[in-house]
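The values are calculated or read from the model by the stated rules, or taken from the named source; none is laboratory data. Model, not experiment: these values are computed from the prediction. Virtual Cβ from ideal backbone geometry, glycine too; neighbours counted across all protein chains shown. Side chains are part of the model used for accessible areas, which takes the heavy atoms of the whole protein and leaves out ligands, DNA and RNA. Shrake-Rupley method; radii C 1.70, N 1.55, O 1.52, S 1.80 Å.
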Amino acid sequence: MDEFASVLRAWRDRVQPEHVGLPPGTGRRSRGLRREELAMLAGVSVDYIVRLEQGRATNPSAQLLGALARALRLTDEERDHLYRVAGVATPTPASLPRHVGPSVQRIVDRLGDVPVGVFSAAHDLLLWNPLWAALLGDPSLLAGFQHNLVWRVFTEENTRVTHTAVGEDEFRADLVADLRSAVGRYPDDAPLRDLVDRLLSESDEFAAHWEQAHVALHRSSRKTVHTRTVGDITVDCDVLSAPGSGDLRIVVYTVAPGSADAAKLDLLRVAGLQDLTHH
């Protein structure tokens, strides 16, 4: 069965006329909108809707798909699916999301026993909990591009965090590939473009990675953090996506329960936060 035709019929059936400002009427045979009503809302002919639902119409335009998505009250995910099964590139917002909503804020608040930071798709640090600051340094002291992880990795010497030699190379390559993926999703975001331009001019290493045109998402790594308070702590870093959060990444550092690293992290939770006041 044609997927486009199938979802179009299913989504039309679930929309009630009163949901879109139409009178319910009497003697309705369809469970949701009539084809005539969808055609009117989308600004196309009834015959075209019939052909779409029968899989006989091909290559619908992005403009038409947008009109159908609005008429059918689709979610962002459903709208993107409609575009994909029609063979059309999904629409992209002009600006990269940088707003941390209340649900993500609550996640960070509840995960107080592990270091947690929230990043934009461009790796701008937007929010962190106290243990993150105790482990990695207080981000509130940073300014401008320093809030961006990619910028700090490629333009500043970082003696606080180290990977294995292989892990360091993979981490840097992944960051550049992830940033390139963000550029693809948000091609009109001016701050993102400015960041890439500055990195290309400031870091030959970044430029070399960029020229490889690798596209990927950075998801995990292992690193050792060197702290003044409790010594070295080796942590596993996992990058999580929060559904409905606008492409934000929740970065969580964890250690094996009962390990020496866990004991150090417990100590840092008490002593390290006090150390922040002396920065």
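The combined condition, being touching a residue at least 60 places away in the same chain (Cβ under 8 Å), under 19 Å from Gln146 (Cα atoms), open to solvent by less than 20 Å² (accessible area, probe 1.4 Å) and not in a loop (DSSP other than H, G, I, E, B), is not fulfilled by Val235. Per the listing Gly117, Gly112, the residue uniquely closer than 24 Å to Gly244 by Cβ and either in contact with a helix residue (DSSP H, G or I) (Cβ under 6 Å, 6 or more places away or on another chain) or β-branched (Val, Ile, Thr) (or both) is Gly117. Is it true that some residue in region 59-70 is surrounded by fewer than 14 Cβ atoms within 10 Å (Cβ to Cβ), of a type in the set (A, V, I, L, M, F, W, C) and free of Cβ contacts under 8 Å to residues at least 40 places away in the same chain? Yes, there is a match, as at least one residue in region 59-70 is surrounded by fewer than 14 Cβ atoms within 10 Å (Cβ to Cβ), of a type in the set (A, V, I, L, M, F, W, C) and free of Cβ contacts under 8 Å to residues at least 40 places away in the same chain.
With respect to Asp80, is the statement that it is of a type in the set (D, E, K, R), surrounded by 13 or more Cβ atoms within 10 Å (Cβ to Cβ) and modelled with pLDDT under 85 true? Judged against the criteria, Asp80 is not a match. Is there a residue being in contact with a Lys or Arg (Cβ under 6 Å, 6 or more places away or on another chain) and of a type outside the set (Ser, Thr, Tyr) anywhere in region 96-109? No; the residues of region 96-109 include none that is in contact with a Lys or Arg (Cβ under 6 Å, 6 or more places away or on another chain) and of a type outside the set (Ser, Thr, Tyr).
Scan region 72-104 residue by residue and report those that are assigned to a loop (DSSP other than H, G, I, E, B) and either touching a Gly at 6+ places or on another chain (Cβ under 6 Å) or within 19 Å of Arg249 (Cβ to Cβ) (or both). Answer for region 72-104, where residues must be assigned to a loop (DSSP other than H, G, I, E, B) and either touching a Gly at 6+ places or on another chain (Cβ under 6 Å) or within 19 Å of Arg249 (Cβ to Cβ) (or both): Thr92, Pro93, Ser95, Leu96, Pro97, Arg98, His99, Val100, Gly101.
Of Pro139, Pro93, Pro102, Pro115, all but one fail to be open to solvent by less than 50 Å² (accessible area, probe 1.4 Å) and either within 23 Å of Val176 (Cα to Cα) or at pLDDT below 90 (or both); the exception is Pro139. Among the candidates Leu217, Leu127, the residue that is under 21 Å from Ser95 (Cβ atoms), surrounded by fewer than 16 Cβ atoms within 10 Å (Cβ to Cβ) and of a type outside the set (D, E, K, R) is uniquely Leu217. Just one residue in the set Leu68, Leu41, Leu22, Leu33 is over 26 Å from the mean Cα position of the chain (by Cα) and assigned to a helix (DSSP H, G or I); that residue is Leu41. Of the residues making up region 44-58, those that are open to solvent by 40 Å² or more (accessible area, probe 1.4 Å) and assigned to a loop (DSSP other than H, G, I, E, B) are Val44, Ser45, Gln54, Arg56, Thr58. Summed over region 238-251, the residues that are open to solvent by 30 Å² or more (accessible area, probe 1.4 Å) and in contact (Cβ under 8 Å) with a residue 60 or more places away in the chain give a count of 3. Applying the set (1) free of Cβ contacts under 8 Å to residues at least 24 places away in the same chain; (2) out of contact with any Leu (no Cβ under 8 Å at 6 or more places or on another chain); (3) of a type in the set (Asp, Glu) to Glu3 leaves exactly one unmet item: (1).
The condition of being modelled with pLDDT of 95 or more, buried (at least 16 other Cβ atoms within 10 Å of the Cβ) and hydroxyl-bearing (Ser, Thr, Tyr) does not hold for Ser181. The numbered conditions (1) surrounded by 18 or more Cβ atoms within 10 Å (Cβ to Cβ); (2) modelled with pLDDT of 95 or more; (3) closer than 24 Å to Leu248 by Cβ are all true for Asp174 except (2). I need the full set of residues from region 142-155 which are in a loop (DSSP other than H, G, I, E, B) and open to solvent by less than 60 Å² (accessible area, probe 1.4 Å), in order please. The answer is Leu142, and nothing else. The single residue among Thr224, Thr254 that is surrounded by fewer than 18 Cβ atoms within 10 Å (Cβ to Cβ), within 29 Å of Gly101 (Cα to Cα) and of a type in the set (S, T, N, Q) turns out to be Thr254. Entry remark, region 191-214: residues being touching a residue at least 60 places away in the same chain (Cβ under 8 Å) and open to solvent by 20 Å² or more (accessible area, probe 1.4 Å) number 1 in total.
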